[in-house]
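Beneath this line is the structure, given in structure tokens, with notes to follow.
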Amino acid sequence: MKKVRIEDWSPAGKLNLEETALKVISSKKNFLVVAGPGAGKTELLAQKACFLLQSNECKYPQRILAISFKRDAAYNLKERVRLRCEEVLSNRFDSMTFDSFAKLILDHFGNSLPQSLNIDKDYLILLDDKSVLEYYEKLDRTFRFSKTDKELISFHTTSKVGLDSHSNAISIRNAVWESMMKDKPSKLTFKMIMRLAEAIMTGNEKIKLFLQNTYSHIFLDEFQDATAIQYEFFKSCFLGGNSQITAVGDDKQRIMLWAGAQESVFEDYLLELSAEKAHLKMNFRCAPRLVALQNYLTEHLLGKTDFSTPDPKRHKEGGECFLWVFKNPDQEITTLFSTVYKLINEDKIKPREICILVKQSLNIYAGDLIDHFNEHGINARDESILQDLIAQDLSQYIIHSLYVIFDKRWKDSKTIALTFLNNLHTDLEQSQLLKSEISFSKFIKQCQQKYNDVYWNAERLGAVINEIIDFAGRDKIQYFYPMYKSVKFLDETLADIIRELTNLYNEDLGLIQALESLIGIETVPVMTVHKSKGLEYHTIIFVGLEDGAFWSYQKQPDEDKCAFFVALSRAKHRVIFTFSKTRKDRNGRIRNQSFKVIEDIFNELKNSGLVITEEK
Ligand SMILES: Nc1ncnc2c1ncn2[C@@H]1O[C@H](COP(=O)(O)OP(=O)(O)OP(=O)(O)O)[C@@H](O)[C@H]1O
């Protein structure tokens, strides 16, 4: 592959990047890029990856590691790089979550941990904090109930592992760790995995050097949300090494403090990594009136002064924001249904470009709405249910292989499936890549002949999916994707895909439609604000701008204002906020709703002069 000279490099997609963005892309320094919503922070990382790989500034065979917080964000970044640069190069771009990076380290180098921290190879991951509390309860009831659940869960991983006990509390904690690790099989939470991965790094200079030599460049997306554990783990890997670090974030979108995000992480990073700070000014996502509204709220609601400039290419008057006031949720549902119906059928906006957001408690605010939409012909779904399954590389490989077999229109699918297959080898030469493409094409033809079924069931879908897996090689998948090292997890993932596809197929959909439903192509996504971070849509409908939805506002007003700001800034063109005078609570009782507690938000929306309020 011919290397591009630094002076000849230009951004993929012929994008005009801000001066500052270009400087960060070509600089060899550590950087913290702070910028508002839609400024192109994630885009900057994707472009920087292309620059480093195409110019060989990331010297072959070194790699780039991008760490995100959510699986879909990691997948989104990987996709951006894949679409913007040649496959042989983008194969050297690893994009993963903090959790999967820590797990990778533990699975590869767990043997180097001292005897006292030994765990089973097939350890079980506990996703539920309750089980951890039970270990404490079993060991020391008095200690367990001397702390709240939240305090105890935080205490469990608050300090590094392997510390000698300085206090009774630490001895109890060490004993709980020991009993979890010595259990059959060992039980770990992701936070424990991160602490163990940190212990591997701090205890073994050779492994640390190996990691730093593998990854010459590190990217950190949405850095405002890094927790203390994540930041300490990151430092144990890369602080003091030669890897060059680029972090991007926005303090106006800081909405994870409740989950332990480290408030001082920007300042700490700037100091500890001797990083330079850069600001981006543009907002490429949102139409000018929405940028104006965000600027107004930046000043009057968030008390900050870092304003954004809209993309000059957009129509100056573009963008609209409404506040719709309803008598009750039934009226809200029917109005929203006809609004979305019109958007899809008259304005030709794709269902996937319309997003329904709620602050929390999705079922209370949007459960009936989802049912109504589905019963009346618009697909809508709670995205969180399938998101984790679909965002996995393995699921993408299976889904896109099925597309290649059963629907030849999907040109991109072959590339996505082949990328997965090629990732199962280290450093394939060009000739081997060609061979791999030929044998994949042969395999596809065989499947097309063998599986020309008119009707499908779970057994037949299972058969073709298992052939797709066998073609890639189970051993290879388990080796290169350590998350599938546990046979149980791999089997469960496959079973989930087969079950979901069969269910969708049984809803009288054809196989291709079932696949499209699975990835949600023709579906209106419904999600919480936290899930929507980093995403963007033509229209955002935020259901329930009410005191009831912002029950934590009095305790954490700044964070809740940021959550409101995140919701607003997901929209490219239109935002609709709804307020319903009554709403059911979690027990189904109808309650009157108010906007006393979140009065500031209401007042500033009104004072901006940019929001149209309508009583429905
Ligand atoms: N230089 C550019 N020119 C035109 N469009 C751009 C440019 N940079 C980014 N974009 C587009 O603007 C939108 C926002 O970009 P991106 O998601 O990278 O922003 P972000 O800063 O990460 O946003 P947020 O923090 O709100 O999630 C995307 O659709 C992206 O493709």
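Qualifying GluC sites (Glu not before Pro) in segment 220-278, where qualification requires a DSSP coil assignment and no more than 12 other C-beta atoms within 10 Å, comprise GLU263. With 0.36 nm allotted per residue and the present C-alpha distance subtracted, the LYS304-SER55 stretch has 85.8 nm of extension available. Among the trypsin sites (Lys or Arg not before Pro) in segment 505-578, those located in a DSSP loop and surrounded by at most 14 other Cβ atoms within 10 Å of their own Cβ are LYS555.
Stretching SER167 away from VAL454 to a fully extended chain increases their span by 96.5 nm, per 0.36 nm per residue minus the current alpha-carbon distance. Based on Cα atoms of segment 258-382, Rg over Rh with Rh as the Kirkwood radius reads 1.07. Over the chain, DSSP H runs of length four or greater, each weighted -39,500 (n - 2.57), average out per residue to a 222 nm ellipticity of -15500 deg cm²/dmol.
For segment 445-490, pairs of C-alpha atoms spaced more than 15 angstrom apart make up 53 percent of the total. Expressed as a whole percent, the proportion of Cα-Cα pairs in segment 124-184 lying more than 14 Å apart is 54%.
Stretched out straight at 0.36 nm per residue, the stretch from GLU507 to LEU271 would grow longer than its current Cα-Cα span by 79.3 nm. Taking a Cβ cut-off of under 11 Å around LYS561, the surrounding Lys, Arg, Asp and Glu residues balance to a net charge of -2, with basic ones at +1 and acidic ones at -1.
Explain nothing, just the number: relative contact order of the chain, from Cα pairs under 8 Å at least 6 residues apart, as a whole percent. Contact order relative to length: 18 percent. Judged by a Cβ-Cβ distance under 4.7 Å, the unpaired cysteines of the chain are CYS58, CYS237, CYS286, CYS321, CYS355, CYS447, CYS562. With the simple spin-label model, which puts each label point 7 Å out from Cα in the Cβ direction, the ASP558 to ASN118 separation comes to 4.7 nm.
On the beta carbon distance between LYS342 and ARG5, with R0 = 51 Å, the FRET formula returns roughly 0.50.
Between their Cα atoms, which of LYS78/LYS150; LYS78/LYS445; LYS130/LYS187; LYS313/LYS572; LYS121/LYS182 are more than 23 Å away from each other? In this structure, LYS78/LYS150; LYS78/LYS445 lie more than 23 Å apart at Cα. Over the chain, the fraction of Cα-Cα pairs per 20 Å bin, rounded to whole percents and listed from the shortest bin up, is 18, 50, 31, 1.
With a simple spin-label model that places each label point 7 Å from the Cα along the Cα-to-Cβ direction, the separation between PHE322 and GLU178 comes to 6.4 nm.
The Rg/Rh ratio of segment 1-133, with both radii computed over alpha carbons and Rh defined as the Kirkwood radius, is 1.07. Can you compute log10 of I(q)/I(0) for segment 334-420 with the Debye formula, treating each Cα as one identical point scatterer, at q = 0.10, 0.17, 0.26 Å⁻¹? Debye intensities relative to I(0), on a log10 scale: -0.38, -0.88, -1.15. Once both labels are positioned 7 Å from their Cα atoms along Cα-to-Cβ, the gap between THR582 and THR334 label points is 1.5 nm. Over the C-alpha trace of segment 178-324, radius of gyration and Dmax come out as 20.5, 64 angstrom. Normalised by 2.2 N^0.38 Å, where N is the number of residues, the alpha-carbon radius of gyration of segment 387-519 equals 1.02.
Applying 1/(1 + (r/R0)^6) with r as the Cβ-Cβ distance of LYS150 and ASN374 and R0 = 30 angstrom yields a FRET efficiency of 0.25.
Computed from the coordinates by the stated procedures, all read-outs in this text should not be read as laboratory data. Everything quoted here is computed from the prediction, not taken from an experiment. Methodologically, a virtual Cβ is constructed for each residue, glycine included, from the backbone with ideal geometry; neighbour enumeration extends over all protein chains shown.
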